[in-house]
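Colleague: Before I ask anything, let me first share the structure, which is written out below as structure tokens.
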Amino acid sequence: MKLSGAQILVKCLEEEKVEAIFGYPGGAVLDIYDALYDSPLKHYLVRHEQGAAHAADGYARATGRPGVCIATSGPGATNLVTGLATAYMDSIPLVAFTGQVATHLLGRDSFQEADIYGITLPITKHNFLVKDVKDLARVIKEAFHLATTGRPGPVLIDIPKDVSQKKAKFDYPEVPRLRGYRPVLDGHPEKISEAAAAIAEARRPVIYAGGGVISSGASEELRQLAELCVIPVTTTLMGKGAFPENHPLSLGMLGMHGTKYANYAVSECDLLIAIGARFDDRVTGRIDAFAPKARIIHIDIDPAEIGKNVRVDIPIVGDVKRVLQQLLKRVQAGMETEWHAKIREWKEKYPLKYEQNGKIKPQFVVEQIYEVTKGEAIITTEVGQNQMWAAQFYTFTKPRTFISSGGLGTMGYGLPAAIGAQIGRPGETVFDIAGDGSIQMNIQELATAVAYKLPIKVAILNNNYLGMVRQWQEIFYNGRLAYTDISGPDFVKLAEAYGAVGMRVTEPKDVRRALEEAMQVKDRPVLIDFIIDREENVFPMVPPGGAINEMLEG
Amino acid sequence: MRHTLTVLVENNPGVLARVAGLFSRRGYNIDSLAVGRTENPTISRMTIVVEGDDKVIEQVSKQLNKLIDVIKVSDITAEEHVDRELVLIKVNADPSVRGEIMQIVEIFRARIVDIGRKTLTIEATGDEGKINAIIESLKPFRIRELVRTGKIAMLRGSRFTTVENGDEGKENNKDEY
Ligand SMILES: Cc1ncc(C[n+]2csc(CCOP(=O)(O)OP(=O)(O)O)c2C)c(N)n1
Ligand SMILES: [Mg+2]
């Protein structure tokens with residue numbers, strides 16, 4: 001039997017066992033939506049295509065399964081762009097479908113035509129423009145394969161309207177053989193031996209773990225390696241949750257707003273074991289002062305990451321989980337040494353801290369969220385100070401519980417990502433720790449959350465500032481606060497207007513009660529507007545271009 | 001230093017945009033790029049001449065390899081190879097200087113492929129040095145138009161950069177690591 005392109009698409013999504021599609025209709029995807037109308041597939045209607053991309057991304061980060069989103073041609077497609085770039089920078093598996101004008105109208109500046117294939121070339125792992133319906137099923141199979149294997153990433157499929165209408169025989173192909181795509185999964189045995197030897201010789205080792213540990217599902221192997229060899233572990237922002245932060249070997253996060261002890265440990269270590277991390281400038285600070293005394297082992301699935309930013313002594317290309325399993329067979333048990341004593345001393349001397357002054361401190365709010373949720377929540381964040389406070393003051397113990405735009409730093413990410421996460425993991429508590437600036441970038445998605453009765457919580461750390469930018473202006477631009485003093489709407493009324501629960505908290509003593517009350521709401525989103533001490537800054541801080549062991553203090 | 005990369009790619013629309021975009025986006029300097037179909041109609045070969053130190057070239061190769069449409073990247077700079085460019089030169093040629101020009105053409109074993117009332121069109125092939133030399137020699141007569149291909153290259157002897165049965169694709173530096 002022959003099916004239309006739209007029906008083929010729907011069939012493929014069923015074959016892929018897609019549980020959630022985030023999308024927004026329009027002219028060029030009318031046929032696809034018509035086919036969805038008959039399908040058991042669950043489609044979630046967002047209020048802006050950027051919300052669809054971020055929701056699919058949040059779903060993917062929370063579940064480990066690929067996120068799927070759909071938008072129409074032209075403006076629908078371009079609205080996806082920020083979401084795709086966000087997913088690309090953080091290596092998140094997405095498959096995005098866009099409608100396109102019919103093939104005979106391509107290249108003529110037709111109504112709602114945008115070259116989304118060209119636009120997304122640099123922000124997707126791969127993309128396709130399907131001009132023949134006969135290719136559609138194969139392309140979709142390849143897209144899911146590419147998005148989810150190797151170094152994951154977003155893949156976009158652009159489908160002209162006539163391709164979704166024309167008919168073809170439907171065969172869902174097997175996993176494709178792509179001659180240009182062969183991710184290496186196992187580490188080279190010689191390099192594994194070298195790494196094991198380097199670990200045995202090291203006197204001051206540190207593990208630096210990134211998002212790759214989470215995407216390859218290697219948290220357990222990481223814990224085994226750290227415990228067996230007694231190696232302290234610091235994670236990147238993306239790596240939060242890859243290693244329990246309440247573990248005695250945890251150093252918390254490193255980098256620009258990392259802990260002092262993590263940055264000191266990296267600066268003093270004689271062996272740095274980078275696992276699924278990419279030496280981002282927010283992590284390394286001044287590159288020639290990063291881990292200056294260390295030999296570096298770099299484990300990554302992407303060969304292009306090896307040697308990109310730093311020289312590497314022992315490169316191991318492979319899937320992090322497999323490589324760690326190989327390595328675990330070769331390493332010897334380690335023991336506590338002076339190094340661990342030194343680190344303990346740093347931890348005691350330089351804890352993350354803040355001072356109470358009668359106003360609501362954002363750090364206090366985050367700590368209270370931690371307590372009220374017993375550390376079990378999925379936390380999404382917006383971008384800015386709120387993001388860093390969430391990272392610093394919530395103790396993450398499990399992978400896929402910290403969901404944040406790391407590489408691109410996309411304001412407006414947290415709310416739609418929370419929607420995706422809540423849909424992917426309906427039983428969990430999902431909190432978006434937000435800023436008053438960021439939340440306004442995708443606030444319309446409250447309507448989506450209300451429509452699907454999602455009990456997500458939005459905690460706005462409201463400083464009436466674009467706080468992180470203000471912090472830089474205060475410290476590096478002589479306090480000249482150019483256009484960072486923002487006044488927001490009445491967020492409580494706004495929440496209520498959308499049909500969500502709105503609360504405002506102005507006193508520290510009411511923080512706990514408000515959070516507990518929010519936890520009782522199960523049938524709709526809750527937004528809590530915490531009016532915080534507006535001048536509060538994020539510390540410690542590595543000034544831009546500085547060495548990571550030279551941190552500014554409050 | 002300049003490196004010559006030969007890159008096998010899927011013969012897909014868009015692949016040139018991917019490769020060109022990669023170079024400009026990441027700030028690599030392309031000296032020349034030539035592309036055409038190979039003996040296998042599903043595969044095109046690009047010969048790319050790129051300027052950079054070893055570290056840059058390593059990144060260029062790895063980033064190229066990362067493209068799904070790229071099947072194989074070989075840096076043949078250090079290996080024995082034949083390389084050629086083709087140039088067409090339209091040069092002013094009054095009857096009084098035609099003899100002289102034809103002598104130059106002969107010396108370089110080039111060819112005259114078209115004659116106008118006041119011009120000659122010359123075709124020359126060779127490595128870069130030879131092409132540069134013939135251009136220099138013709139300059140005094142006033143070159144009116146010049147078109148030059150990028151470099152194409154092939155390994156000498158019975159060694160290949162091709163993939164067997166389209167199946168020996170990227171080993172992704174497996175040997176290295
Ligand atoms: C889309 C986007 N635009 C601009 C920025 C630059 N930026 C980074 S943090 C920030 C301020 C964020 O303000 P808010 O959401 O209130 O968070 P706060 O820092 O106050 O907690 C801005 C403007 C960005 N990261 N993303
Ligand atoms: Mg703010």
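The values are calculated or read from the model by the stated rules, or taken from the named source; none is laboratory data. If you're wondering where the values come from, they're calculated on a predicted model, not measured in any experiment. Virtual Cβ from ideal backbone geometry, glycine too; neighbours counted across all protein chains shown. Just the protein is used for accessible areas: all its heavy atoms, side chains included, with ligands, DNA and RNA removed. Shrake-Rupley method; radii C 1.70, N 1.55, O 1.52, S 1.80 Å.
Colleague: Apply the Karplus parameterisation 6.51 cos²θ - 1.76 cosθ + 1.60, with θ equal to phi minus 60°, to every residue of the range A:61-74 and state each ³J(HN,Hα) to the nearest whole Hz, in sequence, with x for glycine and proline.
Modeller: Working through the residues one at a time gives 5, 6, 10, x, 9, x, x, 10, 9, 9, 9, 7, 6, x Hz.
Colleague: Also, quick follow-up: Over chain A, what is the mean sequence separation of C-alpha contacts under 8 Å (at least six apart), divided by residue count, expressed as relative contact order in percent? Mind dumping the intermediate values first?
Modeller: Numbers: 1309 pairs, mean separation 78.6, N = 554.
14 percent.
Colleague: Can you list residues whose amide H is under 5 Å from A:Leu271's amide H, if they're 5+ apart or on another chain and H is modeled 1.01 Å from N?
Modeller: Answer set, sorted by chain and number: A:Arg204, A:Val206, A:Arg295.
Colleague: From the phi angles alone, apply the Karplus equation (6.51, -1.76, 1.60; θ = phi - 60°) to the range A:443-458 and give each ³J(HN,Hα) in whole Hz, x where the residue is Gly or Pro.
Modeller: Karplus-based 3J(HN,Hα) across the range A:443-458 equals 4, 4, 6, 4, 4, 4, 4, 5, 4, 9, 6, 8, x, 5, 10, 10 Hz.
Colleague: So if R0 is 45 Å, what FRET efficiency would A:Trp472 and B:Met102 give, r being the distance between their Cβ atoms, rounded to the nearest 0.05?
Modeller: FRET efficiency, A:Trp472 to B:Met102: 0.05.
Colleague: May I pose another question? Nearest 5 is fine: what % of DSSP beta bridges in the protein assembly as shown come out antiparallel, could you say?
Modeller: In the protein assembly as shown, DSSP labels about 45 percent of beta bridges as antiparallel.
Colleague: Let me ask something additional. In square angstrom, rounded to the nearest 10, how much accessible surface does A:Cys12 have for a 1.4 Å probe?
Modeller: 0 Å²
Colleague: Further question: Explain nothing, just compute: Karplus ³J(HN,Hα) = 6.51 cos²θ - 1.76 cosθ + 1.60, θ = phi - 60°, for every residue of the range B:51-64 in order, whole Hz, x for Gly and Pro.
Modeller: For the range B:51-64, the Karplus curve yields 9, x, 7, 4, 5, 5, 5, 4, 5, 4, 4, 5, 5, 4 Hz.
Colleague: For the range A:2-169, what does the convex hull of the Cα positions come to per residue, in cubic angstrom?
Modeller: Numbers: hull volume 15.3 nm³, N = 168.
Normalising the Cα hull of the range A:2-169 by residue number yields 91 Å³.
Colleague: Just flag the trypsin sites (Lys or Arg not before Pro) in the range A:189-292 sitting in loop per DSSP whose Cβ has no more than 14 other Cβ atoms within 10 Å.
Modeller: Details: sites: A:Lys191, A:Arg203, A:Arg223, A:Lys240, A:Lys260, A:Arg278, A:Arg282, A:Arg286; in loops: A:Arg203, A:Lys240, A:Arg278, A:Arg286.
Qualifying residues, ordered by number: A:Arg203.
Colleague: Which whole number in µm²/s is D for the range A:341-424 by Stokes-Einstein, with the Kirkwood Rh taken over Cα pairs at 20 °C and 1.002 mPa s?
Modeller: Details: Rh = 14.3 Å.
Reported coefficient: 150 µm²/s.
Colleague: With a Förster radius of 22 Å, plug the Cβ-Cβ distance of A:Glu201 and A:Glu227 into 1/(1 + (r/R0)^6) and report the FRET value to the nearest 0.05. Mind dumping the intermediate values first?
Modeller: On the way: r = 19 Å, r/R0 = 0.88.
Given R0 = 22 Å and the Cβ-Cβ separation, E is 0.70.
Colleague: Which residue fluctuates the most in chain B, going by a Gaussian network model with Cα springs under 10 Å, if the choices are B:Asp31, B:Asp127, B:Asp94?
Modeller: B:Asp94
Colleague: Right, something else. A:Leu324: accessible area at probe 1.4 Å, nearest 10 Å²?
Modeller: It works out to around 0 Å².
Colleague: Please report Rg (one decimal) and Dmax (integer) in Å for the Cα set of the range A:189-349.
Modeller: 13.8, 41
Colleague: Please express the shape of the range B:82-148 as an equivalent ellipsoid: the semi-axes are the square roots of 5 times the eigenvalues of the C-alpha gyration tensor, given largest first in whole angstrom.
Modeller: 19, 11, 10
Colleague: Here's a follow-up. Which shape class applies to the range A:67-154: rounded if a/c is under 1.5, otherwise prolate when a/b exceeds b/c and oblate if not, where a ≥ b ≥ c are the square roots of the Cα gyration tensor eigenvalues? Walk me through the intermediate numbers first.
Modeller: Values: a/c = 2.34, a/b = 1.39, b/c = 1.68.
Since a/c reaches 1.5 but b/c is at least a/b, the shape of the range A:67-154 is classed as oblate.
Colleague: Let me ask something else. Once the piece of chain linking A:Thr149 and A:Asp288 is laid out straight, how much longer is it, given 0.36 nm per residue of separation minus the C-alpha distance between them? Before the final figure, lay out the partial values.
Modeller: Details: separation 139, 0.36 × 139 = 50.04 nm, distance 3.31 nm.
Difference between extended and current length: 46.7 nm.
Colleague: I would also like to ask the following. Express the relative contact order of the range A:372-415 as a whole percentage, based on alpha carbon pairs under 8 Å and six or more residues apart in sequence. Could the numbers behind the result be given before it?
Modeller: Numbers: 48 pairs, mean separation 23.1, N = 44.
Relative contact order comes out at 53 percent.
Colleague: Percent relative contact order of the range A:351-449, based on C-alpha pairs within less than 8 angstrom and at least six residues apart? Can you show the working numbers first?
Modeller: On the way: 142 pairs, mean separation 31.3, N = 99.
It rounds to 32 percent for the range A:351-449.
Colleague: Give me the summed buried accessible area for the A-B pair, 1.4 Å probe, to the nearest 100 Å². Please report the intermediate quantities before stating the final value.
Modeller: Details: alone 22180 and 10770 Å², together 30610 Å².
Interface between A and B: roughly 2300 Å².
Colleague: Going out from 0 in 5 Å bins, what whole percent of all Cα-Cα distances in the range A:356-478 drops into each bin?
Modeller: Answer for the range A:356-478: a P(r) of 2, 12, 22, 24, 20, 12, 5, 2, 1, 0 percent.
Colleague: Amide H of A:Thr380: which non-local residues (sequence gap of 5 or more, or other chain) have their own amide H closer than 5 Å, using H built in the peptide plane?
Modeller: A:Ile403, A:Phe431, A:Asp432, A:Ile433
Colleague: Going 7 Å from the Cα of A:Lys2 along its beta-carbon direction, which residues of the range A:117-134 have the amide nitrogen within less than 19 Å of the resulting point?
Modeller: In the range A:117-134, the label zone of A:Lys2 (backbone N under 19 Å from the point 7 Å along Cα→Cβ) covers A:131-134.
Colleague: Let me ask something additional. Determine which residues of the range A:266-303 fall in the zone a paramagnetic label at A:Thr337 would reach in this model, i.e. backbone nitrogen under 14 Å from the point 7 Å along Cα→Cβ.
Modeller: Within reach of a label on A:Thr337: A:268-273, A:294-295.
Colleague: Over the alpha-carbon set of the range B:14-62, divide Rg by the Kirkwood Rh and report the Rg/Rh ratio to two decimals.
Modeller: Looking at the range B:14-62, the ratio lands at 1.00.
Colleague: What is the spread of the Cα atoms of the protein assembly as shown along each of their three principal axes, largest first, in whole Å?
Modeller: Computed over the protein assembly as shown, the largest-to-smallest principal extents equal 100, 65, 54 Å.
Colleague: Hey, another quick one. May I ask you to give the percent of accessible area on the protein assembly as shown that is carbon plus sulfur, with a probe radius of 1.4 Å?
Modeller: Working: 15290 of 30610 Å².
The nonpolar share, carbon plus sulfur, comes to 50 percent.
Colleague: Which residues' amide hydrogens lie under 5 Å from the amide hydrogen of B:Thr119, considering only partners 5 or more residues apart or on another chain, with H built in the peptide plane?
Modeller: For B:Thr119, whose amide H was placed from the backbone, the distant partners under 5 Å are B:Ala93.
Colleague: Using DSSP to call loops (not H, G, I, E or B), can you name the trypsin sites (Lys or Arg not before Pro) in the range A:481-522 whose Cβ has at most 11 other Cβ atoms within 10 angstrom?
Modeller: Working: sites: A:Lys493, A:Arg504, A:Lys509, A:Arg512, A:Arg513, A:Lys522; in loops: A:Lys522.
When the trypsin sites (Lys or Arg not before Pro) of the range A:481-522 are filtered for loop state and at most 11 Cβ neighbours within 10 Å, A:Lys522 remain.
Colleague: Calculate the FRET efficiency for B:Ile115 and B:Glu39 from the Cβ-Cβ distance with a Förster distance of 25 Å, rounded to the nearest 0.05. Mind showing how you got there, number by number?
Modeller: Values: r = 36 Å, r/R0 = 1.42.
Working from the Cβ atoms, E equals 0.10.
Colleague: Here is a follow-up. Could you sort out which of A:Lys17/A:Lys522; A:Lys2/A:Lys166; A:Lys191/A:Lys329; A:Lys457/A:Lys522; A:Lys2/A:Lys134 sit more than 21 Å apart by Cα distance in this structure? Spell out each step's value before the answer.
Modeller: Working: A:Lys17/A:Lys522 27 Å; A:Lys2/A:Lys166 9 Å; A:Lys191/A:Lys329 13 Å; A:Lys457/A:Lys522 10 Å; A:Lys2/A:Lys134 11 Å.
As for pairs spanning more than 21 Å Cα to Cα, those are A:Lys17/A:Lys522.
Colleague: In peptide A:294-304, what is the residue-averaged number of other protein chain Cβ atoms found within 10 Å of each Cβ? Each step should come with its number before you reach the end.
Modeller: Working: counts 0, 0, 0, 0, 1, 0, 1, 1, 3, 12, 11.
Shielding by partners across A:294-304 averages 3.
Colleague: Would you tell me the accessible area of B:Leu22, worked out with a 1.4 angstrom probe on the heavy atoms of the protein chains, in Å² to the nearest 10?
Modeller: Using a 1.4 Å probe on the heavy atoms, I get roughly 10 Å².
Colleague: Run through the range A:464-533 and list the chymotrypsin sites (Phe, Trp or Tyr not before Pro) located in a DSSP loop whose Cβ has at most 11 other Cβ atoms within 10 Å.
Modeller: Numbers: sites: A:Tyr465, A:Trp472, A:Phe476, A:Tyr477, A:Tyr483, A:Phe491, A:Tyr498, A:Phe530; in loops: A:Tyr477, A:Tyr483.
Those satisfying the criteria are A:Tyr483.
Colleague: With a 1.4 Å probe and every protein chain left in place, work out the accessible area per residue of the protein assembly as shown in Å², rounded to a whole number. Show your work: numbers first, answer last.
Modeller: Values: 30610 Å² over 731 residues.
Result: 42 Å² of accessible area for each residue.
Colleague: Rounded to two decimals, what is the ratio between the C-alpha radius of gyration of chain B and 2.2 N^0.38 Å?
Modeller: On the way: Rg = 19.2 Å, N = 177, 2.2 N^0.38 = 15.7 Å.
Its radius of gyration relative to the 2.2 N^0.38 Å reference: 1.22.
Colleague: Would you be so kind as to list the residues of the range A:174-210 that have their accessible area lowered by at least 40 Å² in the full protein complex compared with their chain by itself (1.4 Å probe)?
Modeller: The answer is A:Arg179, A:Gly180, A:Arg182, A:Val184, A:His188.
Colleague: Further question: Of all the stretches in chain B, which is the longest one without any exposed loop site, taking GluC sites (Glu not before Pro) in a DSSP loop (any state but H, G, I, E, B) with at most 10 other Cβ atoms within 10 Å? Could the numbers behind the result be given before it?
Modeller: Numbers: sites that count: B:Glu39, B:Glu80.
It works out to B:81-177.
Colleague: So, in nm, how far is label A:Arg177 from label B:Arg159 when the simple model puts each one 7 Å beyond its Cα toward the Cβ?
Modeller: 2.8 nm
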